[in-house]
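Down below is the structure, laid out as structure tokens.
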Amino acid sequence: MMRETLSLRAHHWLILIGALVYGSIYAGMLDVRGIAAWFAARPEVAKAFADPDFRRADALILLFSTLFLGPLALLLGLLMLIFVLAVFGGFLLPVMRWFHLPDWLASAVVLTGVGAALWMRTDVWLPRSLWFMGLLARACRIIVSA
């Protein structure tokens with residue numbers, strides 16, 4: 001009974017994390033403008049949106065495309081992760097049962113494997129992610145300043 005009253009649901013955690021992030025931004029502990037300026041000043045995006053006639057339009061197109069297609073891309077990534085967890089977790093499930101281990105351990109092992117694979121291949125996805133974050137920050141800077 002006591003555990004049920006103290007447990008937080010997913011939306012409670014999201015509200016708590018959002019409040020902590022907002023509080024840290026408000027208190028000045030998290031400098032969002034400095035982080036955005038660092039991303040926008042990266043050398044690989046320094047020449048982005050350089051055309052004086054179309055720079056604002058290009059920046060708006062990038063931001064709107066990201067806002068509308070980004071959730072779809074995140075959903076597809078989440079579905080891919082669920083598929084990988086289901087397939088490889090299904091392969092490991094008989095092994096876990098043979099060793100008399102709990103079923104959820106198969107999913108935990110697969111999730112750990114996916115995390116390790118992502119960690120080992122940061123040279124593939126991290127530069128592209130930083131480039132895209134820099135491009136978004138530069139587009140936001142152009143739209144806000146113009």
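The values are calculated or read from the model by the stated rules, or taken from the named source; none is laboratory data. What you see is a predicted model, and the numbers here were worked out from it, not measured in a lab. FYI the Cβ positions are ideal-geometry reconstructions off the backbone, even for glycines, and counts take in every protein chain you see.
Kindly establish whether A57 is among the small types (G, A, S) and outside any helix (DSSP H, G or I).
Against the criterion (among the small types (G, A, S) and outside any helix (DSSP H, G or I)), A57 does not qualify.
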Practice item. Sort out which residues of the stretch 106-124 are touching a Leu at 6+ places or on another chain (Cβ under 7 Å) and more than 30 Å from P94 (Cβ to Cβ), and write them in order of number. Key: none
Study note, to complete from the structure: If we ask which residues in the stretch 93-127 are surrounded by 12 or more Cβ atoms within 10 Å (Cβ to Cβ) and assigned to a helix (DSSP H, G or I), their number turns out to be 14
Review point. Could we say that V21 is touching a Gly at 6+ places or on another chain (Cβ under 9 Å) and not basic (K, R) here?
Key: no
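Tally up the residues in the stretch 128-144 that are among the small types (G, A, S), surrounded by fewer than 16 Cβ atoms within 10 Å (Cβ to Cβ) and in contact (Cβ under 8 Å) with a residue 40 or more places away in the chain, please.
Applying the first criterion (among the small types (G, A, S)) to the stretch 128-144 yields 129, 134, 137, 139.
If we keep only those that are surrounded by fewer than 16 Cβ atoms within 10 Å (Cβ to Cβ) as well, we get 129.
When the remaining residues are screened for being in contact (Cβ under 8 Å) with a residue 40 or more places away in the chain, the result is none.
Result for the stretch 128-144: 0.
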Review point. Of a type outside the set (S, T, N, Q) and within 28 Å of L136 (Cα to Cα), is that true of L69?
Key: yes
Study note, to complete from the structure: Scanning the stretch 1-57 for residues that are under 16 Å from W131 (Cβ atoms) and charged (D, E, K, R), the one modelled with the lowest pLDDT turns out to be K47
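Select, from R138, R128, the only residue that is of a type outside the set (A, V, I, L, M, F, W, C), within 18 Å of the chain's Cα centre (by Cα) and closer than 30 Å to L63 by Cβ. Before you say what the answer is, go through the steps one by one.
Numbers: R138 fails: within 18 Å of the chain's Cα centre (by Cα).
Going through R138, R128 in turn, the sole match is R128.
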